[in-house]
Every structure is written in structure tokens, then in C-alpha cells.
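Enquirer: Before I ask anything, let me first share the structure, which is written out below as C-alpha cells.
The values are calculated or read from the model by the stated rules, or taken from the named source; none is laboratory data. Just so it is clear, the model here is predicted, and its values are computed rather than measured. A quick note on method: Cβ atoms are made from the backbone with ideal geometry, for glycine too, and the neighbour counts reach across all protein chains shown. For the accessible areas, the whole protein counts, side chains as well, though only heavy atoms, and no ligand, DNA or RNA atoms are used. Shrake-Rupley method; radii C 1.70, N 1.55, O 1.52, S 1.80 Å.
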Amino acid sequence: MTTNNSLLSHLSPLFPYFVTFVIFFLFLEQISYLKKKRLIPGPTLVLPFIGNAVALVRDPTAFWDRQSAAAKSSGLGFCADYVIGRFIVFIRDTELCHKIFANVRPDAFALIGHPFGKKLFGDHNLIYMTGQEHKDLRRRIAPNFTPRALSTYTALQQIIILDHLKKWERLSAETSSSSSPSPISLRLLVRDMNLETSQTVFVGPYLGQEAREKFKSDYNFFNVGLMKLPIDLPGTAFRNARLAVSRLIETLTCCAERSRERMEGGGHEPTCLVDFWMQETVREESAAAEAGLPKPANVTDFHIGSYLFDFLFAAQDASTSSLLWAVALLDSHPEVLRKVREEVASVWSPESDSLITAEMLASMKYTQAVAREVIRYRAPATLVPHIAAVDFPLTESYTVPKGAIVFPSTYESCLQGFSEPDRFDPDRFSDERREDRVYKRNYLAFGAGAHQCVGQRYALNHLVLFIAMFTTLLDFERHRTNGCDDIVYVPTICPKDDCKVFLRRRCSRWPELSSP
């Protein structure tokens, strides 16, 4: 006790200096923020270090709505804020969004995918590549999305969709058989369906059932960590997410290794995305060896496993968001639902026990328009964070400071330019109106520039197939409550009530589908 008192007596004279230092540090932090913000919209005072992080984590929808309102009311199209020691710039103006997307390079902006993405995704990720290396990789990826490859995927997608629709109908029947029927929540059901779809389409036969269950658990850790503060300590959600990503990439690397063995053997047709990818990789490696050239870069099993995780991240949550909004919007627009059912019935019948072919899919013009309008009206990847590598002149009057995180809003851009943009209207994509061409620059749901989504045709096919099968095979009724259609981030945007519905089988019997 005497020792402690002695220590305190020695330290007490230093206390005023410590307080002064802390106050001076906070003062400098505030001055630095104001200097970066200058005269653009944004809070005048921010909490030390954490800034508005609590508001962002507690209610992401309200936080980004405030950013949008500030950017819009000023007429500038952008605004500023401060989160976890980082100065951020939110952009809603379409042309300024394009300016960011067009300047992803070492001396301008780096795409980061998430404010703390490198810690989560690792360095070996397609997101962080630029220049010729990135162009070469996208060229190798292209065979994964040819008409032949997409046709292989659509067969797998339909079989999985059908299997899950059966499960959902049984679940709904069980919950509705009681004296007080209750709806089922689709969000987690759709997420599980999409995860199985991604696993099967991407790595198909190389992932056993036990591995799939572990994969599902790890992906859930990752999803939860995306929405939490980046506190990288044992037991925290962020640390769990980071470790889960490592395990997911390790699993996908093993799948790439097994695919390489199969495709190097020759005589095997690709059955999933990694097979198409590996077939091209093996061909390129062989050509380089015959020409006496070095082995192509970024073609190891680990690299491909890392890129497969990037594909999974890009496809999984965005697709879940779009499928949920499709159900919600079709329920609230019965005339659109009627037209979709009529079109699908004109080209495909469940009683035929046949898959929807690529030709059938292409002929469903209205259903495709519905899918594109769902994505425009509720763009799932609402924000695409970039970090400024240098001081970058965004406009004539404002320069984004080096180190700032910039958030171009694809969501806000998709709600600009179009006729009555706040109205759900699939006819805007008709051959008569062609708003997809007139307002092409506003349609940023799949991004733009060098990192524009390479799998957008796959994503649209999945949404069209789901709409066609869901509306044809099931009758559904939304369980409507106040605010059920409000937007929440989980991490992509979804209906607030998780899209609760009652389901009943609509067809006389379930179709019997099998791979060709």
C-alpha cells in the first residue's frame, strides 16, 4: 500500500501534462478532420477516433440515408464524415461515381471492397489487383462465363432451386397447420439456397457434404464479422470472420487442386466453374512450357482458391438480396406477377419434367426486364469503397485527401436519371422505352470500369431462373406489417422483416429435373 501511494505521489505531478497532451491530441484530430472536410457537407464536430462508428454499426440504413440527404441537399453530390480514425467521402452523383471507378490505379484509387477489407479478405484477392496483372486475370476468367459455361451452371441452379422450393413449401405447410398459422422468413432460407448454389456451381464435386456444412458455418462467421467494429482480438466477431476467411480459402484451394488433377488428366468435360477455369489454366501453362516461357502469374491453386472466395463474396449476399426483393416486389405488384407467370407458362411447363434451356431463358424478355428492374430499384451492392492513394481532385473545388475512404453509391446512382426512378417499373427495360440504353451510365448496380462485375450474366440468369420457378411452382402471400419493406443491411440490403411469406404449391406436381 505504501509503495502504491509512493508511486501515485511521484506520478501525480505528471497528470496535468497528460491531460494537456490528450486535449492537444484531440484538438489536432479535430483540426485535421476539418481541414480535410473544408466546406463540403458533413458534421462540424466528431467524436475522437470513433467518429460516427457507433451510429453506423447501430443503424447502417439511417447512417447512409443521412449521408445521401447531405450530399443531395448541398447540390454537390457528395459529403464527408469520420469513422474509426478514417476520413470518409460519400458520393451519390453518377458522374463522380464513374470518376472513381475509372481511376482505380496505384496513383489514384484502390478498390478495397470493405473499409477493413485487406484484414478480412487477405492480400491475394481479385479486388486489390490493378493494371496488366488484373487484365490478364480477367482474360483467364472470361471462359468461366461463356454461353457453354453458363448453360452448365443453369442446369445446376435449377435443380438446387427446385430442391429448396420443395423444402420451403413443406416448412410453410408445417407452420400453417396449427390453429394460428405463421409465415416463414425467407432471408436465411434464400441465403442457404444461394450458398449451396455457389458451392455447387463454383466447385461442384470437389466439396463433400461434411465440408459443405463447415463451409456454411465459416461463411456465417464471415457475414457477421462484416457488420461489426474491426476489433481484431480473440473472441471478437471480426477476428472470427478473419479466421473463417482463412479456412474458406484453404478449402477452396483444395478444390482447385483436385480440379487441376482432373483437368490435367484430359478427356474430362468441365462440370463446374473451377473446371472451366482450370481447363484454361492448364492450357495456358502447357503453351508457355512448349514455348519455353515462364509459367503464367497467379495460377497456383492458392491464387485460384483466393479468387474463388472473391467470386463467392460477390455472388452470395448480393444474390440473396435480389431474390428477396424480387419476392417482395412481385407480391406488391400483382400485375407484374401475372405477366411473369403468363410469359413463363408460354415457354416452360413443370409437367414437362425438363430444364429451362438457354433458348427459353433468352425468350423470357419480360421476366428478364423484371430481374433487371429489381436490381436497379434495390441495387444490392449499395456502396463500393475505395481508398485514395494520393490527393485526388474530385471536382474543381474539392480534392479528396490521401488516405480517405471514398464510397461511390451504386444504389443512389440507380435511382437517378430514369423516368420516375423511385417507382418499380419493369417496362422501362422494354424494347419501346429502352431506358437501359438511355440511362446506361446511371445503371451502376454491377459497377463500372476495370472492376465491373465479371459475373453479371450469371447473376442475372440466377435471378431470372428463380423468379420463373418460384412464381410458377408456388403461390405466395406476403405477411405484411408496418415497415416490412424498410431497408436493412445484413450486410447487403434486405426487407426489414426478412421477407415473411405464406407458401402453397401451385403446380399439380413437382417437376422431376436432372442434369443433362
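Enquirer: Only one residue in Val190, Val224 is of a type in the set (Val, Ile, Thr) and without any contact (Cβ under 8 Å) to a residue 60 or more places away in the chain. Which one? First the steps, then the outcome.
Expert: Values: Val190 fails: without any contact (Cβ under 8 Å) to a residue 60 or more places away in the chain.
Testing whether each residue is of a type in the set (Val, Ile, Thr) and without any contact (Cβ under 8 Å) to a residue 60 or more places away in the chain leaves just Val224.
Enquirer: Something else: Give Leu171, Leu156, Leu243 a once-over and let me know the one that is outside the structural domain of Gly85 (by the TED database), closer than 23 Å to Ala459 by Cα and touching a helix residue (DSSP H, G or I) at 6+ places or on another chain (Cβ under 9 Å). Talk me through it step by step, then tell me what you get.
Expert: On the way: Leu171 fails: closer than 23 Å to Ala459 by Cα; Leu243 fails: closer than 23 Å to Ala459 by Cα.
Sole residue among the options that is outside the structural domain of Gly85 (by the TED database), closer than 23 Å to Ala459 by Cα and touching a helix residue (DSSP H, G or I) at 6+ places or on another chain (Cβ under 9 Å): Leu156.
Enquirer: Oh, and also: May I ask you to list the residues in the stretch 98-147 that are among the β-branched types (Val, Ile, Thr) and assigned to a helix (DSSP H, G or I)? Don't jump to the end; show me each part of the working.
Expert: Taking the stretch 98-147 and keeping what is among the β-branched types (Val, Ile, Thr), we get 100, 104, 112, 127, 130, 141, 146.
Across the stretch 98-147, the qualifying residues are Ile100, Ile127, Ile141.
Enquirer: Against the definition (in a helix (DSSP H, G or I), of a type outside the set (Ser, Thr, Tyr), under 30 Å from the mean Cα position of the chain (by Cα) and surrounded by fewer than 19 Cβ atoms within 10 Å (Cβ to Cβ)), how does Lys35 come out, yes or no? Please lay out each step first, then the result.
Expert: Details: in a helix (DSSP H, G or I): yes; of a type outside the set (Ser, Thr, Tyr): yes; under 30 Å from the mean Cα position of the chain (by Cα): no; surrounded by fewer than 19 Cβ atoms within 10 Å (Cβ to Cβ): yes.
No: the conditions fail for Lys35.
Enquirer: Given Arg433, Arg378, Arg480, which one is within 30 Å of Ser185 (Cα to Cα) and open to solvent by 40 Å² or more (accessible area, probe 1.4 Å)? Even if it seems obvious, please write down each step before you answer.
Expert: Working: Arg433 fails: within 30 Å of Ser185 (Cα to Cα); Arg378 fails: open to solvent by 40 Å² or more (accessible area, probe 1.4 Å).
Testing whether each residue is within 30 Å of Ser185 (Cα to Cα) and open to solvent by 40 Å² or more (accessible area, probe 1.4 Å) leaves just Arg480.
Enquirer: Filter the stretch 72-97 for residues that are within 13 Å of Pro385 (Cα to Cα) and outside any strand (DSSP E or B); which is least open to solvent (accessible area, probe 1.4 Å)? Break it down stepwise before answering.
Expert: Kept after step one, since they are within 13 Å of Pro385 (Cα to Cα), are these residues of the stretch 72-97: 86-92, 97.
This time we only want the ones that are outside any strand (DSSP E or B), so: 92, 97.
Numbers: Arg92: 35, Cys97: 1 Å².
Only one residue fits best here, namely Cys97.
Enquirer: Return the total of residues in the stretch 98-133 being farther than 28 Å from Phe49 by Cα and surrounded by fewer than 16 Cβ atoms within 10 Å (Cβ to Cβ). Steps first, please.
Expert: Going through the stretch 98-133, the residues farther than 28 Å from Phe49 by Cα turn out to be 98-99, 101-103, 105, 124-126, 129-133.
Pick out the ones that are also surrounded by fewer than 16 Cβ atoms within 10 Å (Cβ to Cβ) and you get 102, 105, 131-133.
Qualifying residue count for the region: 5.
Enquirer: Separate question: With a cut-off of at least 3 residues that are farther than 30 Å from Leu513 by Cα, name the helices (runs of 4 or more DSSP H) lying wholly within the stretch 266-358.
Expert: Values: elements: 273-290, 301-332, 334-347.
Where helices (runs of 4 or more DSSP H) fall fully within the stretch 266-358 and carry at least 3 residues being farther than 30 Å from Leu513 by Cα, they are 273-290, 301-332.
Enquirer: Continuing with this model, one more query. Any chance the stretch 351-368 includes a residue that's within 30 Å of Arg38 (Cα to Cα), at pLDDT 95 or above and touching a Lys or Arg at 6+ places or on another chain (Cβ under 9 Å)?
Expert: Keep residues of the stretch 351-368 that are within 30 Å of Arg38 (Cα to Cα), which gives none.
No, there is no match, as no residue in the stretch 351-368 is within 30 Å of Arg38 (Cα to Cα), at pLDDT 95 or above and touching a Lys or Arg at 6+ places or on another chain (Cβ under 9 Å).
Enquirer: Which of the strands (runs of 3 or more DSSP E) contained wholly in the stretch 439-516 include at least 1 residues that are over 21 Å from Leu171 (Cα atoms)? Can you show your working first?
Expert: Numbers: elements: 474-478, 487-489, 493-495, 500-505.
Of the strands (runs of 3 or more DSSP E) lying wholly inside the stretch 439-516, those with at least 1 residues that are over 21 Å from Leu171 (Cα atoms) span 487-489, 493-495.
Okay, residues lined up against (1) farther than 23 Å from His462 by Cα; (2) open to solvent by less than 30 Å² (accessible area, probe 1.4 Å); (3) more than 29 Å from the chain's Cα centre (by Cα); (4) modelled with pLDDT under 90:
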site	(1), (2), (3), (4)
Val282	yes, yes, yes, no
Ala287	yes, no, yes, no
Pro294	yes, no, yes, yes
Ala297	yes, no, no, yes
Phe302	yes, no, no, no
Tyr307	no, yes, no, yes
Leu312	no, yes, no, yes
Ala315	no, yes, no, yes
Ser322	no, yes, no, no
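Enquirer: Another question, then. Kindly indicate the residue of the stretch 193-217 that is of a type in the set (D, E, K, R) and without any contact (Cβ under 8 Å) to a residue 12 or more places away in the chain and also surrounded by the most Cβ atoms within 10 Å (Cβ to Cβ) among those meeting that condition. Give the derivation first.
Expert: Step one: list which residues in the stretch 193-217 are of a type in the set (D, E, K, R), which gives 196, 210, 212-214, 216.
Restricting the remaining residues to those that are without any contact (Cβ under 8 Å) to a residue 12 or more places away in the chain gives 210, 213.
On the way: Glu210: 8, Glu213: 10.
Looking at residues that are of a type in the set (D, E, K, R) and without any contact (Cβ under 8 Å) to a residue 12 or more places away in the chain, I get Glu213.
Enquirer: Please determine, by comparing only the residues of the stretch 416-430 that are touching a residue at least 24 places away in the same chain (Cβ under 8 Å) and in a loop (DSSP other than H, G, I, E, B), which one is nearest to Ile91 (Cα to Cα).
Expert: So in the stretch 416-430, the residues touching a residue at least 24 places away in the same chain (Cβ under 8 Å) come out as 416-418, 424-430.
Okay, now just the ones that are also in a loop (DSSP other than H, G, I, E, B), so 416-418, 424-425, 430.
Details: Gln416: 13, Gly417: 16, Phe418: 18, Phe424: 23, Asp425: 25, Ser430: 30 Å.
If we take residues in the stretch 416-430 being touching a residue at least 24 places away in the same chain (Cβ under 8 Å) and in a loop (DSSP other than H, G, I, E, B), then Gln416 is nearest to Ile91 (Cα to Cα).
Enquirer: For residues that are more than 30 Å from Asp317 (Cβ to Cβ) and either touching a residue at least 24 places away in the same chain (Cβ under 8 Å) or in a strand (DSSP E or B) (or both), tally how many sit in the stretch 382-396. Show your work before the answer.
Expert: From the stretch 382-396, those more than 30 Å from Asp317 (Cβ to Cβ) are 390-391, 393, 395-396; that's our starting set.
Imposing the further condition that a residue be either touching a residue at least 24 places away in the same chain (Cβ under 8 Å) or in a strand (DSSP E or B) (or both) reduces the set to 390, 393, 395.
Qualifying residue count, the stretch 382-396: 3.
Enquirer: Still on this model: Is there any pair with a first residue in the stretch 288-300 that is over 18 Å from Val274 (Cβ atoms) and a second that is in a loop (DSSP other than H, G, I, E, B) whose Cβ atoms are under 7 Å apart and which are 6 or more apart or on different chains, and what are they?
Expert: Ala288/Pro294; Ala288/Lys295; Ala288/Pro296
For (1) in the same structural domain as Ile487 (by the TED database); (2) surrounded by 15 or more Cβ atoms within 10 Å (Cβ to Cβ); (3) out of contact with any Lys or Arg (no Cβ under 8 Å at 6 or more places or on another chain); (4) modelled with pLDDT of 95 or more, each residue gets a yes or a no:
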residue	(1), (2), (3), (4)
Glu373	yes, yes, no, yes
Gly417	no, yes, no, no
Glu420	no, no, yes, yes
Phe429	no, yes, no, yes
Leu465	yes, yes, yes, yes
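Enquirer: Count, please, the residues in the stretch 465-499 that happen to be among the β-branched types (Val, Ile, Thr) and within 18 Å of the chain's Cα centre (by Cα). Spell out the reasoning first.
Expert: So the first thing to find is which residues in the stretch 465-499 are among the β-branched types (Val, Ile, Thr), and the list is 467, 471-472, 481, 487-488, 490, 492-493.
Narrowing the set further to residues that are within 18 Å of the chain's Cα centre (by Cα) leaves 487-488, 490, 492-493.
The number of residues fulfilling the criteria is 5.
Enquirer: What tally of residues in the stretch 145-183 results from selecting those that are among the small types (Gly, Ala, Ser) and open to solvent by 70 Å² or more (accessible area, probe 1.4 Å)? Full working, then the answer.
Expert: Start the filter on the stretch 145-183 by keeping residues that are among the small types (Gly, Ala, Ser), which leaves 149, 151, 155, 172-173, 176-180, 182.
With the extra rule that they be open to solvent by 70 Å² or more (accessible area, probe 1.4 Å), the set shrinks to 177, 179-180.
Qualifying residue count for the region: 3.
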